[in-house]
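Engineer: Starting off with a structure, shown below.
Bear in mind that the values in this text are calculations on the coordinates, not laboratory data. Here the structure is a predicted model, which is why all the values come from computation and not from measurement. Positions of Cβ are backbone-derived with ideal geometry, glycine not excepted, and every protein chain shown enters the neighbour counts.
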Amino acid sequence: MKSFLFSLLFTCSALALAAGSGAIQIAKPQAAETPPGAKTGAVYFDVVNSGELDRLLSAEAKDIAGSIELHTTLLEGTLMKMRQVEAVDLAAGETISFKPGGLHVMLIDLKQPLQAGQSFPLTLHLEKAGVLQVTVPVVKRAAMMDAMPPHHGQGHAEHGKP
Ligand SMILES: [Cu+2]
């Protein structure tokens, strides 16, 4: 009985992986290099949803970061502040951009600085598409599209921690 349950679970997760590679595609994944001693970093990408409405629920990269949160960036007065979001809606047929100054995947408690030229695996959990594996290259800050907002990497950004 136990082994039957196990193989059933295994089959389900294999199906989820196959579904994940279909309707949802992750394009242009990248993370900015971080200065020595930095405890946080951010991952950006485009989510191309060619299927029905889905939601990005969470992400993990256990070798790289102690924890990961989904963040959005809001302008409060003249200050750019990051806020954790529970999930990110991925509308049917839309491309949702995670980019500097907007939505991003926040790497918290980095185990080591991110160095340009490296890459690391990131696991994304989606409500319908299941589990997606993404390889994220680390790029030089200057190579990021547009300018990085000043709140990133300067130590005064809030991460919802006491
Ligand atoms: Cu953030």
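Engineer: Return the sequence-ordered ³J(HN,Hα) values of region 130-143 in whole Hz as given by the Karplus equation 6.51 cos²θ - 1.76 cosθ + 1.60 applied to θ = phi - 60°, using x for Gly and Pro.
Structural biologist: x, 9, 10, 9, 10, 9, 10, x, 9, 10, 5, 3, 5, 8
Engineer: Now for a separate question. Under 12 Å from the Cβ of Gln30, count the other residues' Cβ atoms, weight Lys and Arg +1, Asp and Glu -1, and hand me the total. The partial results should precede the final answer.
Structural biologist: On the way: positive: Lys28, Lys99, Lys140, Arg141; negative: Glu33, Asp46.
Surrounding charge for Gln30 is +2.
Engineer: If you average the alpha carbon positions of region 33-51 and of region 68-117, how far apart do those two centres end up, in angstrom?
Structural biologist: So the two Cα centres are separated by 7 Å.
Engineer: List the aspartates and glutamates whose alpha-carbon lies under 14 Å from that of Lys111, not counting same-chain residues fewer than 8 positions away?
Structural biologist: Glu33, Glu60, Asp63
Engineer: Let me ask something else. Name the residues whose placed amide hydrogens come within less than 5 Å of the amide hydrogen of Arg55, ignoring near sequence neighbours (fewer than 5 apart) on the same chain.
Structural biologist: Leu90, Glu127, Lys128, Ala129
Engineer: Taking amide H atoms as placed 1.01 Å from N in the peptide plane, list the residues 5 or more away in sequence, or in a different chain, whose amide H sits under 5 Å from that of Leu114.
Structural biologist: Thr34
Engineer: To continue, here is another question. Taking the Cβ of Ile96 as the centre, find all other residues whose Cβ is under 9 Å away and add up their charges (Lys, Arg: +1; Asp, Glu: -1).
Structural biologist: Surrounding charge for Ile96 is -3.
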